[in-house]
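Heads up, the thing below is written out as structure tokens.
The values are calculated or read from the model by the stated rules, or taken from the named source; none is laboratory data. These numbers come from a predicted model, not from an experiment. Here the Cβ positions follow ideal geometry from the backbone for every residue, glycine too, while neighbour counts run over all protein chains shown. Protein only, heavy atoms only, side chains kept; ligands, DNA and RNA dropped before computing areas. Shrake-Rupley method; radii C 1.70, N 1.55, O 1.52, S 1.80 Å.
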Amino acid sequence: HKLKENRLEVSAHQQTLLNQLREVTGTTDVQLLQQALQVSNGDLAEAVAFLTEKNAKVPQQDEATYYQTAQITNDRYISVGSQADTNVIDLTGDDKDDLQRAIALSLEESNRAFRETGITDEEQAISRWVLEASIAENKASLKRTHTEVWSDSPNPHDRKRQDNCPVGLKNVGNTCWFSAVIQSLFNLLEFQRLVLHYSPPARMQDLPRNQKEHRNLPFMQELRHLFSLLVGSKRKYVDPSSAVEILKDAFKSSESQQQDVSEFTHKLLDWLEDAFQIKAEEDREGEKPKNPMVDLFYGRFLAVGVLEGKKFENTEMFGQYPLQVNGFKDLHECLEAAMIEGEIESLHSAENSAKSGQEHWFTELPPVLTFELSRFEFNQTLGRPEKIHNKLEFPSMLYMDRYMDRNRDITRIKREEIRRLKEHLTVLQQRLERYLSYGSGPKRFPLADVLQYAMEFASSKPVCTSPVEDINTTAPPGGTTAQLTGEQPDTSVPAEGSGSGPQAQQQQRVSIHKPFTQSRVPPDLPMHPAPRHITEEELRVLEGCLHRWRSEVENDTRDLQASISRIHRTIELMYSDKSMMQVPYRLHAVLVHEGQANAGHYWAYIFDPHQQRWMKYNDISVTKSSWEELVRDSFGGYRNASAYCLMYIDDKKPFLIEEEFDKETGQMLSGLDKLPPDLKEYVEADNKLFEREMEEWDALQARKLQQEKLALAAANNTGEPFTSSQHDPEYMEHQSPTGDSKHLQEDTERAISKAAAEHDEKSPEALLNTALKVEYTRLLRLAQEDTPPERDYRLQHIIVYFIHNQAPKKIVERTLLTQFADRNLGFDERCKSIMKVARAKLELIMPDEVNMEEYEMWHQDYRKFRDATAFLLIGLELFLKKSYVEALMYLIYAYQYNKELLAKGPYRGHDEELIAHYRRECLLKLNEHAAVLFETGEEIEVNTGLSIMNELVVACIPLLLVDEMEEKDMVAVEDMRNRWCSYLGQEMEPNLQEKLTDFLPKLLDCSTEIKSFHDPPKLPSYSTLELCERYGQVVTSLTPSRTPADGR
């Protein structure tokens, strides 16, 4: 009996290795798999190398360069505590034996699992090849340089938290994985309370007893500090560097390596569990300690199995539950597949069977249920893992009843019913397919359409001629066409003027219709083929049959489709009865990954139960979101983004997300009131530092403003009789009768002359009033004129701009009066007298009549409008000259200035779509140019290309992502990323591979945090005339489809 058990165990172990090899290499040939095991003497690594060399012809030494994923083994999810720590192998060192030791440990764990459950967990098998393949890449990543980090805005007010908005986390160098996980856990209020109120053990004051305490207790303190800042900070986002550094030391990797979410979450929960275990053991001496982390995140399942007829049952503990994505359309399908392994008929049948398999049944679910979605598969052709971008749907409310051990019997009945329905469904779908794809050749058509086409053919007007006969109406009957078709020409009645013999035939051939050279189709050519001969009786019988057959086919098709729909609906509602909806889990957080297997960016969607809406946590950016946006980014199949981790919470345990209330007053605690005294003091101190930073900034800006005012006053104090308290804008200043002011002075003098012609005897004041009306009427007419895009009258005069944007009347009047107060106005006495009256009127305007701050704001907006125009025209000129590097910054600032203007009104700026189009096109051109340089492989060109990408393209991508409603910008970003991600599957030199791997995380970073640019390009001083002319010329030179829309 013992010998039989040993044979069973050996056989099962061999089957385990075969299954692992099949998963790793994708090889399905059993003989080939067995040959690989024999050649390698059971060594998994050598067997993998044998198969990949044999099937894929991929050099083994190149595999090391293909991995950056950090998927370490999934062993931790089935154990609690620190028992496995002694098995940790340093995978980051240079010892080549580490690989073999890691695989040995993997097989040892597999054997252990087999001895306990009878079969190895599928996830353990998959994790082995990920472990093996990731080692070399993890080593290579140690050499990479620090990723560029976005810089903070120098203005602390830009970094100030608005009201009670959630606080973001700064990305301190490829730490988006940290932000996504921490924010998801922080927003579990029960977890938040546990961390905030964690008190270190009393003996912490002494030296820690072991390395674990030396590491975990300081981390817990940093995590408490971080959580307290997320609760009560006045900053928009906080820096998690202290906690991150402790974690990175534990990972033994470079600070630029991106960590996998599941790996980090495993380690984080392990540390938290250990830290709380230390505290629990101290608090409950002599009793079995209770660990709140275990209670919160860990559950149990029962493994019920059969191994070659021998039944077994084992209970396992789990944390994050791994699920395969490939081949499934929704989360329930993934779960069903994960809960059933192998052929399980013998599990619930009385017959003795040699089949093997196992089922998992949850006996206890944790309050926080986390699913890891495995989105990697091994590409044996390339010898590396690839990300699976397939669509996988998941619900916002998940009912787990069907997977519970207490519902085992009813679930088995329902599964059997679903299996029977699916078999019936398959038969129906096959039958339907025969109706929808009818035919025996390579091309298939719906049978109803085939019958309809036959009916249309039969019903067409019969024709008596062949399609290749001469159809020229001037040709004689029975001419050349008849000879071509082999028919005997009727020569008994020759056509008039027709000849005979070869010469006549040659003339007739010329007149045959040639479809590619003759422009007009002859009127008597039938549009469709038609029968040559068909009698009324034949047509009646045929139409009757075809009508009847088509009706029968359509009815059969409808019946099949209705039956298929009913079966689908029955399957969907199989678990919808109330008895199977008693274990509800609500979706709390979705961790999203965008990118490829070895590079990408993480962010999180987290549900706010109090506001009843989804929030998007993307490093420092925390924004309102929606279920629709979550679905778009998380289900997969759209772009390169998909959910990587799903966090559900027990909907019947509201304490997980309930706020804390004051025991005495009964009021909800918020902000600093939620914190224990030590953390409250910590946050208050940090808030004071931030307030001091803002005060120092404000003082600095006040000093700068005072200095500007003093300089302005000194410049205005020229001893002239007229001294205005306000400095006129540069486009209203007139230092000389030449240049920019010339046309404005001419307009003013023309208005004065017209007013004088109407009222020759009037006083200077009356003349001024009339001239003002004349000029305003002229400008109003310009504002109302329907002009082409290249002639924008707003650039010609500020009053036109004001009229378009409905500026207050007093501001328009003062601006127009300033025009007539020009010191350089004409030299005749009439103009001088009017100028003096205008100046006097300006002096008499009281501060309460015109809000000078508002006046200055309108003039600042017009200055910004002119600057935006200058940026735009220079950027477009450079773009048209293909000087894309130089053009980019001008287009960037043109868009930014213009966007700020349009936020105040639709006519404050230029056509936003136009600027966005050329900004986008410029980035695409630069991306293409940089990619071409990279493809050369020459070091100078490669470095130039990557420099363009890092300094220009990557820096500008957040500007395109900040407004997610701009679909064209989003598509452009995806195109740029896909261009570079396409290189991942190509052979290249190791140095190029390293540069690419270092660069891709920057490109794939989805953060909308804007990098601080240098100062905008210095603009030349344009006169109004020159600005209008150059703008008109450059707009005229654009393609018609990309000119501004005339919306004014």
**Asked** Past the 18 Å Cα-Cα mark, which pairs from Lys968/Lys995; Lys773/Lys841; Lys236/Lys968; Lys329/Lys652; Lys762/Lys832?
**Response** Lys968/Lys995; Lys236/Lys968; Lys329/Lys652
**Fill in**
Rounded to 0.05, the calculated FRET efficiency for the beta carbons of Glu829 and Ala757 at R₀ = 22 Å is 0.85
**Item:** Inter-label distance, nm, simple model (7 Å from Cα along the C-beta direction), Leu705/Tyr438
**Value:** 8.2 nm
**Asked** What full-extension length gain, to one decimal in nm, is calculated for Arg408 and Arg791 as 0.36 nm per residue of separation minus the Cα-Cα distance?
**Response** 130.1 nm
**Prompt:** Stretch Ser241-Ser883 to full length: gain in nm at 0.36 nm per residue minus the Cα-Cα span?
**Reply:** 227.1 nm
**Asked** At what distance in nm do the modelled label points of Gln582 and Glu393 sit from each other, each positioned 7 Å from its Cα along Cα→Cβ?
**Response** 2.8 nm
**Charge dipole (debye, nearest 20) of the stretch 860-926; +1 at Cβ of Lys and Arg, -1 at Cβ of Asp and Glu** = 80 debye
**Request:** Could you calculate the contour length gain from Lys688 to Ser670, that is, 0.36 nm times the residue separation minus the distance between their Cα atoms, to one decimal place in nm?
**Result:** 4.6 nm
**Item:** Calculated FRET value between Ile340 and His533, using beta carbons and R₀ = 56 Å, to 0.05
**Value:** 0.30
**Asked** Which whole-Hz couplings ³J(HN,Hα) result when phi for each residue of the stretch 555-564 is put into the Karplus expression 6.51 cos²θ - 1.76 cosθ + 1.60, θ = phi - 60°, listed in order with x for Gly and Pro?
**Response** 5, 4, 4, 5, 5, 5, 4, 5, 5, 4
**Prompt:** Arranged from highest to lowest average of other beta-carbon atoms within 10 Å per residue, in what order do the peptides 648-656, 612-620 appear?
**Reply:** 612-620, 648-656
**Fill in**
Once Lys and Arg are counted +1 and Asp and Glu -1 for all other residues with Cβ under 12 Å from that of Arg434, the total becomes 0
**Request:** Could you compute the FRET efficiency for Glu913 and Val971, with r as their C-beta to C-beta distance and R0 at 22 Å, rounded to 0.05?
**Result:** 0.90
**Fill in**
Note to self: with every protein chain in place and a 1.4 Å probe, the stretch 893-977 gives an accessible area per residue in Å² of 40 Å²
**Message:** Output wanted: per-residue J couplings in Hz (rounded whole) for the stretch 646-660, from phi through Karplus 6.51 cos²θ - 1.76 cosθ + 1.60, θ = phi - 60°, x for Gly and Pro.
**Reply:** 10, 10, 9, 10, 4, 6, 9, 10, x, 4, 4, 10, 7, 6, 8
**Asked** Taking the simple approach of a point 7 Å from Cα along Cα-to-Cβ for both Gln34 and Glu333, what is their distance in nm?
**Response** 3.3 nm
**Message:** I'd like the distance separating the alpha-carbon centroids of the stretch 608-636 and the stretch 441-459, in whole Å.
**Reply:** 50 Å
**Asked** Quick one: Karplus J couplings for the stretch 690-696, per residue in order, coefficients 6.51, -1.76, 1.60, θ = phi - 60°, nearest Hz, x for Gly and Pro?
**Response** 5, 5, 5, 4, 5, 5, 5
**Request:** Enumerate the amide H contacts of Leu1038 below 5 Å, restricted to partners 5 or more residues apart or on another chain; note that Pro and chain-start residues carry no placed amide H.
**Result:** none
**Request:** May I ask for the distance between the Cα centers of the stretch 692-714 and the stretch 899-915, given as a whole number of Å?
**Result:** 30 Å
